[in-house]
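The values are calculated or read from the model by the stated rules, or taken from the named source; none is laboratory data. Just so it is clear, the structure is predicted and the values come from calculations on it, not from any experiment. Methodologically, a virtual Cβ is constructed for each residue, glycine included, from the backbone with ideal geometry; neighbour enumeration extends over all protein chains shown. These accessible areas exclude ligands, DNA and RNA; they are computed on the full protein's heavy atoms, side chains included. Shrake-Rupley method; radii C 1.70, N 1.55, O 1.52, S 1.80 Å.
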Amino acid sequence: MDVKMEASWKQVLKHEFSKPYFLQVAAYLKTEKATGAVVYPPGSLIFNAFNTTPFGQVKVVILGQDPYHGPGQAHGLSFSVPDGIPPPPSLANIYKELHKDIGIPIPKTGNLTKWAEQGVFLLNAMLTVRANEPASHQKIGWMDFTDAVIRKISDEKEGIIFLLWGRFAQEKQVLIDETKHHVLKAAHPSPFSADKGFYGCKHFSKTNEFLINQNKTPINWDPS
């Protein structure tokens, strides 16, 4: 099947696209469309994370759960929203930690595309969601795909920094070879858990330390 995805990822993941689970995802999304369900993000942005951060450029992975389910919020990058949309609560808390950790003024924009363009792969475990129904596409097969993506990164790259925030993301730790990658864990930045270990985690400065130690360019974490 012809998946519209950046060439390097398409090559790395080529065996996934013909597997039954992936065909099931495609069929499910077609049915959603045919029955008039509103699904986020728009089709052209489902693989935005892949198209913005080619496989060879991935340096950091930030794993989210599923896309925002409100109108205009989801654009295929975990935790990010398009320009003009106010930062949702989890992202607002990420910005608070960013400010405390490395002193960046609280950004006005919620658009994290500038992170993605520097090699921060903003992957959601589920790549679509039905409007106003969080986790509504949890069981349609996306997690088989994104687990395969995490495994590919782990197997074929070295020195990647994985930021796993919250229990859901931390369940993916088993897919990562920690003998050659770095895993940083903290509570989820949501208002329900940010004060239980997300605040003070210093993941942004720690990530840059790891990158500098590998002679890689650190991330400019200011998304503005």
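For the reader, a short list of remarks on this structure follows.
- Charged side chains reduced to their Cβ positions (Lys and Arg at +1, Asp and Glu at -1) give the range 1-112 a dipole of some 120 debye around its Cα centre.
- C-alpha long axis of helix 20-34 to longest principal axis of the chain, angle in °: 80
- Here the range 1-102 has 60 percent of its accessible surface on carbon and sulfur atoms, given a 1.4 Å probe and all protein chains in place.
- Taking all protein chains into account, the per residue accessible area for the chain stands at 46 Å² (1.4 Å probe).
- Residue range of the chain that is longest and free of GluC sites (Glu not before Pro) which are both DSSP loop and sparsely packed (at most 12 other C-beta within 10 Å): 1-157
- Debye, to nearest 20: dipole size of the chain, +1 on Lys, Arg Cβ, -1 on Asp, Glu Cβ: 60
- Exposed trypsin sites (Lys or Arg not before Pro) absent: longest stretch of the chain, with sites in DSSP loops and at most 14 other Cβ within 10 Å deemed exposed: 15-107
- Sequence-distant contacts, meaning Cα pairs under 8 Å at least 6 residues apart, place the relative contact order of the chain at 23 percent.
- In the chain, helices alone account for a calculated mean residue ellipticity at 222 nm of -10000 deg cm²/dmol, with every DSSP H run of four or more residues adding -39,500 (n - 2.57).
- Residues whose amide H comes within less than 5 Å of that of Val183, counting only those at least five positions distant or on another chain, are Phe162 (H built at 1.01 Å from N in the peptide plane).
- Computed over the chain with a Gaussian network model linking Cα atoms closer than 10 Å, the most mobile of Phe192, Phe55, Phe204 is Phe192.
- Computed from Cα positions, the angle between helix 142-156 and the longest principal axis of the chain comes to roughly 50 degrees.
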